[in-house]
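K.L.:
Take this structure, written in structure tokens, and hold onto it; I'll ask about it next.
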Amino acid sequence: MEVTVKNEKLNSWIKEIAELCQPDSIYWCDGSKEEYDRLMAMMAAAGGATVLTKRLNSFLFRTDPSDVARVEDRTFISTSSKDDAGPTNNWLSPADLKKTMSGLYKGCMKGRTMYVIPFSMGPIGSPISKLGVEVSDSPYVVCNMHMMTRVSSRIYDMLSAGEEFIPCLHSIGAPLEKGQKDALWPCAPIDKKYISHFPEENLIWSYGSGYGGNALLGKKCLALRIASAMARREGWMAEHMLILRLTNPAGRQYHVAAAFPSACGKTNLAMMTPTIPGWKCECIGDDIAWMKIGADGRLHAINPENGFFGVAPGTSYGTNPVAMDTVRENVIFTNCALTDDGDVWWEGMTDEVPAHLIDWKGRDWTPESREEAAHPNARFTARAAQCPVICKDWENPAGVPIDIFIFGGRRSGVVPLVSEAYNWDHGVFLGSTAASETTSANIGAVGNLRRDPFAMKPFCGYHMGDYFRHWLDMGDRLGGKAPRIFYVNWFRKSQDGMFLWPGFSDNSRVLKWMCERIDGKVGARETEIGLLPNDGDLDLSGLDVPEASMKELMRIDTAAWRDELPDIERHFAEFGNRIPERLLQQLQELKKRLG
Ligand code: SAT
Ligand code: MN
């Protein structure tokens, strides 16, 4: 496409990048369906994309086995002072990092096309949206960005009118020499990958990976890492949260924003079909919330994304029928298995396991095979508009007023099914000490317990101690209009390792209790760790969970909680003098309650 954009910053940046990366050609994207179809057809012809004959307009990609998840060890927050990045982020000085990366970028797009992708996070033209321009040498990235963000030529007009944008530079880091045959999934080796953020100048540089959050720079890089730093400066919030609307049988609406780490069920909760009669759940977003205090003094949330990049394994008509219906057509699948009749399959999709598949590495697979057919972090990319329960207000620029915040994670022990914070400060304490067993959404060990405050450890673009303080400040500003804060754990296990709580649709029972707390309809009992449901208040009608399991789900093991204290102390100590006094006070109070 021939494009003239009258934006000096954009044009000089594109020129500079083109000179550095030396692509064979430059292509300015317009976000059209024609463009998407053409790029997909090109990738299918080259062999990188497999056309799924069983699913309309859908494709399967297999990545290089080394490029299957975010790379937290290779992710950098590059501020002029190391201290400003804080202990939870990798840091290199902007000068050093730019020098190293410029060396890598030199000639890195040889033999390839450089795509210029204009996008908006949030509805185009909305006052809370942010514009970005991603430059990438990956057509897979272009097509995913079409779904996950709003890519449109209208953004060129806005840029010509002088609107600001966030430059996002991406290369897979695999130049092609003349005559060299391309890999099916070109990328750079792990020690050459860099996912870099310069929050002081709102700039993103990503090199070496083509996968998900490493490469679709509107998502984690812009909408969380850069946006969280902007949000703190400007007095709003950018959080790793799903957003949903619950409606009770009387028609009263509640809006919930919930933070769980990657691959801990945000998409499932956001699309849940309540098992309790008369309740309705609608999805507004499944991963990121941008929230501002509105004229009414309440906190209003929007979903800056345009689609879902969801974990496929475990998704089924049993666990998340809405997601299954969302991915019926027009989907990009990555690292799923391929069936003999041209469809995708993943572990947990059907009770019956296919007799033969091509696995995510492209090899023959049978139920006897030792490895999984789909990678545990295999993903689907689909437009939010395709979701059957998408809320009619999901693109409302005013956002939805949040009533309830939920924090949580994957904990096989210790943490009860649900508790409510005593007050805002206690809620911020719960968020700041949240811990979860690691998942395959990051390259690294799976199942290790780690502190993941507010599910933002991998995504906070500045010092986490300052981030805690920002949460306390927001609470002070919101006062009596602040959302109530809850903590959940759907993943507690019995002694013999079985999940105690059915989860999924039955999580609606827990949400119902929260709504009734908001309305003052139910009380709660004070415990050492927070407010827990009184016996009989959690609606368990029609649910088949043994009483002993319910007891265990709600049990507070004070000895185990006492054992957590040294770890929480160590965790807080990491933040040095940037840990807010009010959180240390919360820790003292918890200690006192535990005796
Ligand atoms: O790869 S992503 O970062 O987009 C997914 C996730 O880890 O949440
Ligand atoms: Mn996420």
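Where a number appears in this text, it was derived from the coordinates with a stated rule and is not lab data. None of these values were measured; they are calculated from a predicted model. Heads up, the Cβs are rebuilt from the backbone with ideal geometry, glycines too, and the neighbour counts pull from every protein chain shown.
K.L.:
Testing the spin-label approximation: label points 7 Å from Cα along Cα→Cβ at residue 526 and residue 584. State their distance in nm.
P.N.:
The modelled label-to-label distance comes out at 2.6 nm.
K.L.:
Let me ask something additional. Determine the relative contact order of the chain: mean sequence separation of Cα pairs under 8 Å and six or more apart, normalised by residue count, in whole percent.
P.N.:
Numbers: 1305 pairs, mean separation 86.7, N = 595.
It rounds to 15 percent for the chain.
K.L.:
Stretch residue 396-residue 541 to full length: gain in nm at 0.36 nm per residue minus the Cα-Cα span?
P.N.:
Values: separation 145, 0.36 × 145 = 52.20 nm, distance 3.55 nm.
So the extension gain works out to 48.6 nm.
K.L.:
Could you go through the range 445-452 in sequence order and give the Karplus-derived ³J(HN,Hα) for each residue, using 6.51 cos²θ - 1.76 cosθ + 1.60 with θ = phi - 60°, rounded to whole Hz, and x for Gly and Pro?
P.N.:
5, 10, x, 7, 6, 9, 6, 9
K.L.:
Mind running the shape call on the range 231-325? Use the C-alpha gyration tensor, a ≥ b ≥ c as the square roots of the eigenvalues: rounded below 1.5 for a/c, prolate if a/b tops b/c, oblate otherwise. It would help to have the intermediate numbers written out before the result.
P.N.:
Working: a/c = 2.83, a/b = 1.31, b/c = 2.16.
Oblate, since a/c reaches 1.5 and b/c is not below a/b.
K.L.:
Moving to a separate point now. With everything on Cα atoms, drop me the angle between helix 94-105 and the longest principal axis of the chain, reported from 0 to 90° to the nearest 10.
P.N.:
50 degrees
K.L.:
How would 474, 109 line up from fewest to most surrounding beta-carbon atoms within 10 angstrom?
P.N.:
Details: 474 20, 109 27.
Least to most surrounded, the residues fall as 474, 109.
K.L.:
What is the local net charge at residue 536, summed over the other residues whose Cβ is closer than 15 Å to its Cβ (Lys, Arg +1; Asp, Glu -1)? Show your work: numbers first, answer last.
P.N.:
Numbers: positive: 509, 512, 517, 521, 525, 551; negative: 516, 535, 537, 539, 547.
Taking every other residue near residue 536 into account, the sum is +1.
K.L.:
Where a ≥ b ≥ c are the square roots of the eigenvalues of the C-alpha gyration tensor, would you call the range 36-174 rounded, which needs a/c under 1.5, or, failing that, prolate if a/b is larger than b/c, or oblate? All intermediate terms of the calculation are to be shown ahead of the outcome.
P.N.:
On the way: a/c = 1.86, a/b = 1.27, b/c = 1.47.
Judged from the Cα gyration tensor, the range 36-174 comes out oblate (a/c at least 1.5, b/c at or above a/b).
K.L.:
Could you rank the peptides 207-216, 92-101, 390-399, 256-265 by their average count of other C-beta atoms within 10 Å per residue, with the highest value first? Let's see the in-between values first.
P.N.:
Details: 207-216: 27.4, 92-101: 15.5, 390-399: 17.2, 256-265: 24.3.
Put in order of decreasing packing, that is 207-216, 256-265, 390-399, 92-101.
K.L.:
Which of the residue pairs 6/106; 457/592; 9/98; 6/82; 106/220 have a Cα-Cα distance greater than 30 Å in the structure shown? Don't jump to the answer; show the numbers that get you there.
P.N.:
Details: 6/106 27 Å; 457/592 28 Å; 9/98 19 Å; 6/82 37 Å; 106/220 25 Å.
In this structure, 6/82 lie more than 30 Å apart at Cα.
K.L.:
What ranking, highest mean first, results for peptides 242-252, 550-560 when packing means the other Cβ atoms within 10 Å averaged over each residue?
P.N.:
Details: 242-252: 17.5, 550-560: 14.7.
The packing order, highest mean first, is 242-252, 550-560.
K.L.:
Still on this structure: Using the Kirkwood radius over C-alpha pairs as Rh, can you work out the diffusion coefficient of the range 308-384 via Stokes-Einstein at 25 °C, viscosity 0.890 mPa s, in µm² per second? Display every interim value, and only then the final one.
P.N.:
On the way: Rh = 12.4 Å.
It diffuses with D of about 197 µm²/s by this estimate.
K.L.:
So, in nm, how far is label residue 57 from label residue 16 when the simple model puts each one 7 Å beyond its Cα toward the Cβ?
P.N.:
For the pair residue 57/residue 16, the computed spacing is 3.8 nm.
K.L.:
For the peptides 491-497, 514-520, what is the packing order when you average, over each peptide's residues, the other Cβ atoms within 10 Å and list the highest mean first?
P.N.:
On the way: 491-497: 12.9, 514-520: 16.9.
Order by mean packing, descending: 514-520, 491-497.
K.L.:
What ³J(HN,Hα) values, in whole Hz, does the Karplus curve 6.51 cos²θ - 1.76 cosθ + 1.60 give for the range 383-391 when θ = phi - 60°, with x put for Gly and Pro?
P.N.:
Rounded to whole hertz, the list is 5, 4, 4, 7, 6, x, 10, 5, 6.
K.L.:
DSSP loop GluC sites (Glu not before Pro) in the range 1-106 with at most 15 other Cβ atoms within 10 Å of their Cβ, which ones?
P.N.:
Values: sites: 2, 8, 16, 19, 34, 35, 72; in loops: 2.
Passing sites in the range 1-106 are 2.
K.L.:
With each label point set 7 Å from Cα along the Cα-Cβ vector, what nm distance links residue 44 and residue 446?
P.N.:
Output for this residue pair reads 3.1 nm.
K.L.:
Convert each backbone phi in the range 393-400 into a coupling constant with the Karplus relation 6.51 cos²θ - 1.76 cosθ + 1.60 (shift: θ = phi - 60°), then list the ³J(HN,Hα) values in order as whole Hz, x for Gly and Pro.
P.N.:
9, 5, 10, 5, x, 6, x, 10
K.L.:
So what is the relative contact order of the range 14-148, in percent, for Cα pairs below 8 Å that sit 6 or more residues apart?
P.N.:
On the way: 156 pairs, mean separation 42.4, N = 135.
This gives 31 percent for the range 14-148.
K.L.:
Also: For the chain, find the longest principal axis of its Cα atoms and tell me its angle to the long axis of helix 558-573, 0 to 90°, nearest 10.
P.N.:
The two axes meet at around 40 degrees.
K.L.:
Residues with beta-carbon under 13 Å from that of residue 580, excluding residue 580: net charge, scoring Lys, Arg +1 and Asp, Glu -1? All intermediate terms of the calculation are to be shown ahead of the outcome.
P.N.:
On the way: positive: 469, 578, 582; negative: 425, 466, 473, 476, 581.
It works out to a net charge of -2.
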